[in-house]
Each structure stands twice: as structure tokens, then as C-alpha cells.
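Q: Structure below; questions to follow.
What follows draws every value from the coordinates through simple rules; no lab data is involved. Treat the numbers as computed from the prediction; the structure is a model and nothing was measured.
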């Protein structure tokens, strides 16, 4: 199975961990394609996301590659990112260690990107972030493009899925599915609830755990596809509009409060048997 | 019927009159250039990203205070509230229609904040309106001192204010005035439920007169007379027949104007509020469908267009801030009805966007003002801060406050006690 990894940035911890885990499972990527980190659009996006100071910090981190900054932001990925006494800080380091090629592009949907990907003749593309994917890119791999969605489909499509799951009393979990032209509407390959989701200390903690869980599940699914033991099933309820959008901070606070509450219940349940 | 030449002449006359205002008050040049520059900069550097407006950057309470201060500053000593503050010519004359439907906002603000000044302002506004009512029950259209022909829409909007003022004060004089207005509206209504003829703007039928239906439904509730409710429902049934399967609503029918979001939102607000009062599920569903289409547009593009062609095509690339605030109100009401948090989420983001555009500093007429268009030089009420814009943004922030308090309280209540 020839696997290519698509990512939003060469500095994406998720992409690094995904590549390492795929390699360890016997599916060494034949290539990785990342969006350029320091282009104007990305910087403006970061300004919108984190404000000027956050974006400046982001740019600084990308420009000054200090060896002292070896902290892993998502502690649940540490296991994947360990590289001797150091940790992988970029996909370039992972690619060098595991010897697979890495390219960058400005737009994952461009004709040049599709042409580049075709050269790698992928059976599967594993998507870890970037643009909303369109054709012709979706037609490049022989089998399809996979995504680990941080929510259970079809109940929660779109953005801020863990937070929306909590507020809507939907179990928190991960869905591995094929990407089609809709938003998280492609056929589902595997769906798992996150064990002990209510033990999460915060929304960030929950999200970090889901990301790590998704990386583990993805390797399983790639292996199962290779063995021919897993089959996609189309999503039901496609007529129903289950798309969710980026959650406002005030609703996020409510979701965090609900998570704390569930944790208290869960702890109380443990204490009282 | 006005010819195109007449229309152009009218527009030129308007521009010259406003520019003349600048010549007589040259000190207005500073704020004008400041606003043009700030909107210009914002439009150039704005990044409409997924996370835009997902964080609270301005305090809602402070912004609400600024908005109400703007409204109070625009109130004349006799109680009438100016339609707008032009960056060229200053305050307009008082506008009966807006003075009427600002009354509920003033009372809501006073209840939320405990500010007695807003109540006094609402009482002055009510007294002024009572003095304008014609013997037939109607109220004059246009600004104070204009021709003042009887107007269905303006009478309906004023009726909203009167019903609210009566509910607050229980003064029989106000109820009598409201009933007189209601009777006139019923007399003018056609058998099919719409309003046309001399009392209708440009002698045309308009679907956004659903706002009049809402006022009649309110009057029915406070007077106990079902005839007003029947008239309201008749109009809503007529408006519903103009909803297309695409969610678009025909019949805004404004000659020489595009279909501004403000009027689309009027239709939705009027139908929805009337549907809530009259328990009309069909009307609620129709509004939810159209409002959802606009919500998806907002969430996907991070903005709504200031005007659309049929079936929401060819959106104009500017924002009609009043329409945005009204849509926020509609979404929040739909959240109350459906418990679907996506409506509230969109409204919170819309309110955030609106708050960021309200000047926190500046002279009277500028500070706390809501411009007709963003950027301010665009087509809807160019270079003006409009009083109905302040009203609808204030309504949106008041509703946000009410809903979030209730949601947060519900979440806290359910937390198990540590002991």
C-alpha cells in the first residue's frame, strides 16, 4: 500500500506523529506534502486565529529553529515523536530519519500539486490538515483520501466537533472516513468512541487525546484496507444538515463546564463504585 | 410614478443638500475622513478566517451602553428620535416610525440595566407619538415636517412601540391610541391579507409588511381583541405564499433599490414573531429554512452580503449592518424555539462582528453609532449612522445577554455540589 500524507504545515505535530506511526506499522509514507508555513495567507489566517501577538510568536517559532524548543505541545503524541533523546520538531526531521521525500505547496488543490502527487502513484492519501480538498486531487489515489474526523459521523460534521459533541450530548470519538466533495460526508471505514473521554481535564486535553486516538485508528484502518478486511459504508442522514461551524468562545466555555461536570460525575462514580 | 430622470435629479439634490451641510460645518471633515480611513483600512486588511469573530474582543455591556447613549443623544427635547446622523450634514429631523419601534428597546435596556434614563426617554417618545396621531388613527410617514402622508408600515412600526408602552405603563390613553391605529390598519388591509394603495410605500404590496402583522398580533394579545390576530394571520398567510422552495422570499418590491438584507430580515422577523404569538408552525418552519440558508452563507463566507438578487444570487460585496443585527435576532429566536445551538453560535459571531464596527470614541452622533453600510460609503444609507441600526444591534446584544445568562445559569445549576 503506497501512502502519501497531506498536511497543513511541516511543523504539524499531528502529521509528524501520523508519519511515524504509519512507518512503525509497516506503511512508510512514499511522500509527504505540506502547505508552506510562512506564506502570506497562512500568516493572515494565524492573525485571525490567534491575534497579532500569537501570529508573531508563530512566525518566530518557524524562523528561529532553536534546539532548546523541543517541547511537544500535545503530550499524547510524545510517544510517536520521540527520536532518541530528542523529539521530532518537523516533518523534515521525520522524513530524514525515515527516508521519505517531502514537498511543499501553496495550495493542495492546484493542478501542480495533483501532478506532484501522481508522481508518487499513491494508493491512499492520509489527510492531516490543510485546504478543503477538491477534484482533481481527490481522484489521484487509487483507493481514496482518508481523514480522521474528531467526531462521530454523521451526527457531528464540520468544525469544533469535540465541543459540539459535548454540548449536544453525542458520544465523543473519532471517525476514519473517505473524503468526498462534501464536508465530512464520505463513506465511513471505522468509528470508535474515545475510551474514558470524560476523564479529560479540559477541552484541550480532550482534543489532544482524540488526535492521538485518531492517529492510532488511522494506522489500523490502513492496515485493514491493505488486508481487505474493512469496507466503507455510506453515511446515513446525508439529507439532514449536520454540519457544525467554528464554536464561539462563550459556547466553548459552556462545553468546558459540561466536561468538568461529567468528570466530577465520573470520579464520583469511581469512588462510590 | 417617478421617471429615471426624476430619480437621478432627486439623488443629486440629496447629495448636494448633504454636501452643503459639510460646508456649513467644516469641523465635520475630521470625523468624516477618520471614518473613511478606518473603514478603508479595515476592508483592505480584513482577513475573513474561520476563527474571525469566534472570540470576544469587545465587551457587550459597554457596547450596549454606547448604543443606547447614541439613541438618547439623538432624541429631541420633544421626544422624537432623529432618523440618522450624517457625517456630512449632522442629525436629521425626528422620525416617527423609528421613534416608535425604538420604545421596546429602551424599555428592554432599562430592565436589563436598571437605567431609569432610558425609561424617561421611552415615555417622552411615546408622548411625542401620541401628539402626531391623525384622527383616522394613522401616523404620518417620513421625517417630522415632511408631507406626512398616512403610512401603513410606519403606523405598524409605531404600533409596536405603543403596545410596549402600554404594557409598561398601563395608561389607557396609550391603549386607545394603539387600538385606533390597529383599526385603521385593518380597514386598509386587502382581503388577501396584504396592504396596497396610497398607504403602502410606492403604492406597492410588500412582504416586509409582516412587521405590521407582528404589531397587530401584539395588539391582539394586549387588547384581547381577536380581529387584530386574524388580520395578522391573514397577512402572514399571504407572505408565506411568497416564499420560494429555495428559501427566497418574493415581494420586497422596492423600486430603484436592490433587495437589501434589512428588508429580507424584516420579512423573517415579522413572520417569525407573529408565528410565535399565533403558534403557526408552518410559518416558523418557513422562516427557519430561509434563516438557515443565510446562516450557512455567514458561516462559510464570514459575512452576509448587503443585498441579494432573487434566490440569494449575486450578493453585493458590502454589509448592511442593520440587516446583520436583525438576522442575529432571528437566529437567536430560532435557537429559543429549536434549542439548536448553531443558531446561537452564529448570532454570537455576528454580534462580535457588529461590536467591532461601533466607534467607542468620538463626538455626539459618532460614538456608539451604527453605520448603514460597511464600509460606510456603500449604497445603504451612505455616510450615515442610523438610529434603527443602533436599535437592532442593541436588541441583538440584549437578547444575547438574556440567552447566555440563562444558558450559563443552567450549566452551573446542574454541577453537583462538592459536599
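Q: Using bins 5 angstrom wide from zero, how does P(r) for the stretch B:35-148 break down, in % of all Cα pairs?
A: 2, 10, 16, 17, 15, 12, 12, 8, 5, 2, 1
Q: At 25 °C and 0.890 mPa s, grab the translational diffusion coefficient of the stretch A:150-273 from Stokes-Einstein with a Kirkwood Rh over Cα pairs, rounded to a whole number in µm² per second.
A: 160 µm²/s
Q: Quick one: among A:180, A:237, A:205, which has the greatest mean-square fluctuation in a GNM of chain A with alpha-carbon springs under 10 angstrom?
A: Ranking A:180, A:237, A:205 by mean-square fluctuation puts A:237 first.
Q: Rounded to the nearest whole Å³, what is the per residue volume of the convex hull around the Cα atoms of the stretch B:226-272? Mind showing how you got there, number by number?
A: On the way: hull volume 4.0 nm³, N = 47.
Hull volume normalised by residue count: 85 Å³.
Q: If you build a Gaussian network model of chain A, linking Cα atoms that sit under 10 Å apart, which residue out of A:238, A:28, A:203 swings the most?
A: Looking only at A:238, A:28, A:203, the largest GNM fluctuation is found for A:238.
Q: Quick check: convex hull over the Cα atoms of the stretch A:134-199, volume per residue in Å³, rounded to an integer?
A: For the stretch A:134-199, the hull spanned by Cα atoms encloses 78 Å³ per residue.
Q: Can you say what percent of the DSSP beta bridges in chain A, counting only those with both residues inside, are antiparallel? Round to 5.
A: 40 percent
Q: Right, next: Summing -39500 (n - 2.57) over the DSSP H runs of n ≥ 4 in chain B and dividing by its residue number, what mean residue ellipticity at 222 nm do you reach, to the nearest 500 deg cm²/dmol?
A: Taken over chain B, the calculation gives -20500 deg cm²/dmol.
Q: So, one more: What whole-number value in cubic angstrom gives the convex hull volume per residue for the C-alpha atoms of chain B? Intermediate results must be reported in sequence, preceding the final value.
A: Working: hull volume 66.0 nm³, N = 419.
Convex hull volume per residue, Cα atoms: 157 Å³.
Q: Can you tell me the equivalent ellipsoid semi-axes for the stretch B:272-419? Use √(5λ) from the Cα gyration tensor, largest first, whole Å.
A: That gives 28, 22, 14 Å for the three semi-axes.
Q: When the Debye formula is applied to the Cα atoms of the stretch B:225-303, each taken as the same point scatterer, what base-10 log of I(q)/I(0) results at q = 0.20, 0.26 Å⁻¹?
A: Calculated log10 I(q)/I(0) at the listed q: -0.91, -1.29.
Q: Relative to the compact-globule scaling 2.2 N^0.38 Å, provide the ratio for the alpha-carbon radius of gyration of the protein assembly as shown.
A: Normalised Cα radius of gyration, the protein assembly as shown: 1.09.
Q: Determine the equivalent ellipsoid of the stretch A:52-184 by diagonalising the alpha-carbon gyration tensor, then write out the semi-axes as square roots of 5 times the eigenvalues, largest first, rounded to whole Å. Working shown, then result.
A: Working: eigenvalues 145, 114, 50 Å².
Semi-axes (√(5λ), whole Å): 27, 24, 16.
Q: I'd like the antiparallel share, as a percent to the nearest 5, of DSSP beta bridges with both residues in the protein assembly as shown. It would help to have the intermediate numbers written out before the result.
A: Values: 28 of 46 bridges.
The antiparallel fraction comes to roughly 60 percent.
Q: In addition: Please state, to two decimals, what the Cα-based radius of gyration of chain A comes to when divided by 2.2 N^0.38 Å (N = residues).
A: This ratio for chain A stands at 1.01.
Q: Could you identify which residue out of B:204, B:256, B:299 has the top mean-square fluctuation in a GNM of chain B using Cα springs shorter than 10 Å?
A: B:256
Q: Determine the calculated [θ] at 222 nm for chain A from helices alone, applying -39500 (n - 2.57) to every DSSP H run no shorter than 4 residues and normalising by the residue count; nearest 500 deg cm²/dmol.
A: It lands at -13500 deg cm²/dmol.
Q: Something else: For the stretch B:293-375, how big is the tail of P(r) above 15 Å, as a whole percent of Cα pairs?
A: 59 percent
Q: Calculate log10 I(q)/I(0) of the stretch B:212-343 for q = 0.12, 0.14, 0.15 Å⁻¹, where I(q) comes from the Debye formula with a single equal point scatterer on each Cα and nothing for solvent.
A: At q = 0.12, 0.14, 0.15 Å⁻¹ the computed log10 ratios are -0.45, -0.61, -0.70.
Q: Right, another one. Using only Cα atoms, what is the ratio of the radius of gyration of the stretch B:171-277 to 2.2 N^0.38 Å?
A: On the way: Rg = 13.9 Å, N = 107, 2.2 N^0.38 = 13.0 Å.
Ratio of Cα Rg to 2.2 N^0.38 Å: 1.07.
Q: Continuing with this model, one more query. Taking every pair of alpha-carbon atoms in the stretch B:196-239, give the share separated by more than 11 Å as a whole percent.
A: 62 percent
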